[in-house]
Amino acid sequence: MRQLGIIFSPMAKNPTAGQVLPDDLEAYLALLSGLPCVDNATLLAEVEAFTHAHFSTGAHMLSGLHQGRLLSMFSHLLRPEQVLEIGTFTGYSALCMAEGLAPQGVLHTLDKDARLQSAVQDFFARSAWAGRLHLHIGPAHATLAGLPGPFNLVFIDADKRAYGHYLEAVVPKCKPGAVILLDNVLWKGSVYGIADQADDIRDYLSTLNLSIAADPRWQAVMLPVRDGLWMLRVV
Ligand SMILES: C[S@@+](CC[C@H](N)C(=O)[O-])C[C@H]1O[C@@H](n2cnc3c(N)ncnc32)[C@H](O)[C@@H]1O
């Protein structure tokens, strides 16, 4: 059994800036989440170490073990021919979703940050899905226009204020039964309750969440996983 690399303490219950979940909850969920498939475990650990070494302030953006296992689970359930991800960062979530790809399945992942390109392409080339994971560098809205789909699994995890735009662009390219996931939609719990300070993204997401909940184009359930994950099943 894996060992917890952290000592539980009440102090650890308060997340520090940039952190999404308290350390002890994150560690407990990771302990219970199971390991990545054999093909991927070493590479994902390398991606995580690389991310912490090179992006110390942005490392919290990486999905992490627990959410990564959930992405892998969705992918295994759907066996997608085509996965779309908006927001690659260092490639962690893309590699998790790759685990469930159909035998000839492909994954397209989009990021505007050209500094990520060589590292992510290297990770992809050394993965079990080399040649089937495609990184597109550039603004996502422009790249999306050139990707016809149809997609079976979509993970939206980039600039929050464009989520509504991405959703509208993606839905016509999804097969019925496709699953669309949108990350960070609880925005650290600030989308509900009483707002104590101005936050444009919180206001945007709380309005978007209500419109997503009322939209008949999909069946929607919000999962309180990490920073909140919308799960939409396209009808
Ligand atoms: C939260 S990170 C993605 C994390 C990744 N999905 C994971 O779980 O490991 C968000 C990424 O979106 C990218 N991004 C932000 N705005 C973008 C845009 N307009 N077009 C493309 N990528 C964008 C950022 O460069 C960043 O790498």
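The values are calculated or read from the model by the stated rules, or taken from the named source; none is laboratory data. Since the structure is predicted, the reported quantities are computational estimates derived from the model, not experimental observations. Backbone-built Cβ (ideal geometry, glycine too); neighbour counts: all protein chains shown.
Filter the stretch 49-66 down to residues that are of a type in the set (Ser, Thr, Tyr) and in contact (Cβ under 8 Å) with a residue 12 or more places away in the chain and give me whichever is farthest from the ligand (Cβ to nearest atom).
Among those residues, the one meeting the criterion is 57.
Counting only residues that are out of contact with any Asp or Glu (no Cβ under 7 Å at 6 or more places or on another chain) and at positive phi, how many does the stretch 73-88 have?
Final tally of qualifying residues: 1.
Of the conditions (1) modelled with pLDDT of 95 or more; (2) more than 23 Å from residue 107 (Cα to Cα), residue 183 satisfies every one except a single condition; which number is it?
(2)
Quick one: is residue 88 under 24 Å from residue 139 (Cβ atoms), touching a Ser or Thr at 6+ places or on another chain (Cβ under 7 Å) and not in a helix (DSSP H, G or I)?
Answer is yes for this residue.
Give the residue that is farthest from the chain's Cα centre (by Cα), with candidates limited to residues of the stretch 157-168 that are assigned to a loop (DSSP other than H, G, I, E, B) and acidic (Asp, Glu).
159
Quick check: anything in the stretch 143-153 of a type outside the set (A, V, I, L, M), out of contact with any helix residue (DSSP H, G or I) (no Cβ under 9 Å at 6 or more places or on another chain), surrounded by 15 or more Cβ atoms within 10 Å (Cβ to Cβ) and at pLDDT 95 or above?
Yes, because at least one residue in the stretch 143-153 is of a type outside the set (A, V, I, L, M), out of contact with any helix residue (DSSP H, G or I) (no Cβ under 9 Å at 6 or more places or on another chain), surrounded by 15 or more Cβ atoms within 10 Å (Cβ to Cβ) and at pLDDT 95 or above.
Exactly one of these conditions fails for residue 111: (1) without any contact (Cβ under 8 Å) to a residue 40 or more places away in the chain; (2) in contact with a Gly (Cβ under 9 Å, 6 or more places away or on another chain); (3) over 16 Å from residue 39 (Cβ atoms). Give me its number.
Of the numbered conditions (1) without any contact (Cβ under 8 Å) to a residue 40 or more places away in the chain; (2) in contact with a Gly (Cβ under 9 Å, 6 or more places away or on another chain); (3) over 16 Å from residue 39 (Cβ atoms), the odd one out for residue 111 is (1).
In the set 185, 154, 179, 171, which member is assigned to a helix (DSSP H, G or I) and either within 16 Å of the ligand (Cβ to nearest atom) or out of contact with any Leu (no Cβ under 7 Å at 6 or more places or on another chain) (or both)?
The conditions single out 171.
Please go through the stretch 157-168 and pick out each residue that is touching a Gly at 6+ places or on another chain (Cβ under 7 Å) and either away from the ligand (no atom under 13 Å from the Cβ) or not charged (D, E, K, R) (or both).
158
I want to confirm something. Restricting to the stretch 191-233 and keeping residues that are modelled with pLDDT of 95 or more and of a type in the set (S, T, N, Q), which single residue is surrounded by the most Cβ atoms within 10 Å (Cβ to Cβ)?
Looking at residues that are modelled with pLDDT of 95 or more and of a type in the set (S, T, N, Q), I get 209.
Looking at the structure I just gave you, is residue 147 within 27 Å of residue 212 (Cβ to Cβ) and in a strand (DSSP E or B)?
Against the criterion (within 27 Å of residue 212 (Cβ to Cβ) and in a strand (DSSP E or B)), residue 147 does not qualify.
For the subset of the stretch 171-189 comprising residues that are among the small types (Gly, Ala, Ser) and closer than 21 Å to residue 144 by Cα, which member is surrounded by the fewest Cβ atoms within 10 Å (Cβ to Cβ)?
177
Results for (1) part of a helix (DSSP H, G or I); (2) within 11 Å of the ligand (Cβ to nearest atom), shown as yes or no for each residue.
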{"position": "96", "(1), (2)": "yes, yes"}
{"position": "100", "(1), (2)": "no, no"}
{"position": "109", "(1), (2)": "no, yes"}
{"position": "118", "(1), (2)": "yes, no"}
{"position": "121", "(1), (2)": "yes, no"}
{"position": "130", "(1), (2)": "no, no"}
{"position": "141", "(1), (2)": "yes, yes"}
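Do you know which of the residues in the stretch 35-93 that are of a type in the set (D, E, K, R) and over 15 Å from the mean Cα position of the chain (by Cα) is surrounded by the most Cβ atoms within 10 Å (Cβ to Cβ)?
My answer is 81.
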